[in-house]
Amino acid sequence: MKDQITAKTVLILGLGGLGSPVAMYLAAAGVGHLVLVDFDQVDLSNLQRQIIHSKVGEYKVNSARNTVQKINPNIKVTIYNKHVDEIFLQTIINNIDVVVDCSDNFTTRFVINSICVRNNIPLVSGAALRWSGQVAVFLPKNSPCYRCLYDDAEEQVETCSEAGILAPLVGIVGSIQAIEVIKILLNMGKTLCGKLLLFDAYQNHWRSIKLPKDLDCPVCSSNR
Ligand SMILES: [Zn+2]
């Protein structure tokens, strides 16, 4: 019965604006085991978009677990109140069916990507800032990886708390991430693998661009 959604395990990294809808929808959809990771505590400025939380000062993993267990008391929830680093991630990656990157910085995203490539685990990546959102799916073996898309010399972009964000935008991006996770878990539909979906909320404009595999990618290329 491993093909049923109730038998699947999804790792959600980051329980902010994106992680909120991802965790809530996957819990409601009946994903059997959610593994939630975040080091942070809820700040008043988070509440406008991080809808899984309601109490300032609470650890986000505790707050998120309480909310998803209210939505679906039948699922298993494991929490880690930790920063994401390579050594820690490697210790919890066993038996994960899909990883969802809901983090907010390049350093963490590169670590998550490397672990997923090394362990052949599908990765659903999302990002949102100001009026813009994006989603990409990276599958093991033949697809490009996140590192094919961005150079590690990439300038560190501002975070939502610095640059601001339109609150419902993270709901849109996170919901699309949840859709992609469910398709991968159930092996249904056409995923965003090999594409980057971009949403400009200011113009209400959607587009997707093809992501080529970087044959010299230091993470996923067999030429490395
Ligand atoms: Zn790559």
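The values are calculated or read from the model by the stated rules, or taken from the named source; none is laboratory data. Every value quoted in this text rests on a predicted model; they were computed, and no experiment measured them. Because the Cβ atoms are built from the backbone with ideal geometry, glycine has one as well, and the counts that use them run over all protein chains shown.
Quick notes
- Residue match in region 57-77 (condition: within 16 Å of the ligand (Cβ to nearest atom) and over 17 Å from the mean Cα position of the chain (by Cα)): no
- Of the helices (runs of 4 or more DSSP H) lying entirely inside region 71-158, those carrying at least 3 residues that are polar (S, T, N, Q) are 106-119.
- Any hit, region 138-152, residues being more than 16 Å from the ligand (Cβ to nearest atom) and either without any contact (Cβ under 8 Å) to a residue 60 or more places away in the chain or over 15 Å from Leu18 (Cβ atoms) (or both): no
- The number of residues in region 111-137 that are in contact (Cβ under 8 Å) with a residue 60 or more places away in the chain, within 13 Å of the ligand (Cβ to nearest atom) and closer than 24 Å to Asp200 by Cα comes to 1.
- Residue match in region 216-223 (condition: within 13 Å of the ligand (Cβ to nearest atom), over 18 Å from the mean Cα position of the chain (by Cα), closer than 28 Å to Asp40 by Cα and not aromatic (Phe, Trp, Tyr)): no
- Screening the candidates Ile179, Ile209, Ile172 for the property of being outside any loop (DSSP other than H, G, I, E, B), away from the ligand (no atom under 12 Å from the Cβ), modelled with pLDDT of 95 or more and out of contact with any strand residue (DSSP E or B) (no Cβ under 8 Å at 6 or more places or on another chain) yields one hit, Ile179.
- Condition met for Ile52 (modelled with pLDDT of 95 or more, touching a Leu at 6+ places or on another chain (Cβ under 9 Å) and under 18 Å from Pro168 (Cα atoms)): yes
- Condition check for Ile112: of a type in the set (A, V, I, L, M, F, W, C) and within 19 Å of Gly17 (Cβ to Cβ): yes
- Only one entry of Leu211, Leu192, Leu169, Leu198 meets the criterion of being among the hydrophobic types (A, V, I, L, M, F, W, C), buried (at least 20 other Cβ atoms within 10 Å of the Cβ) and over 28 Å from Gln90 (Cα atoms), and that entry is Leu169.
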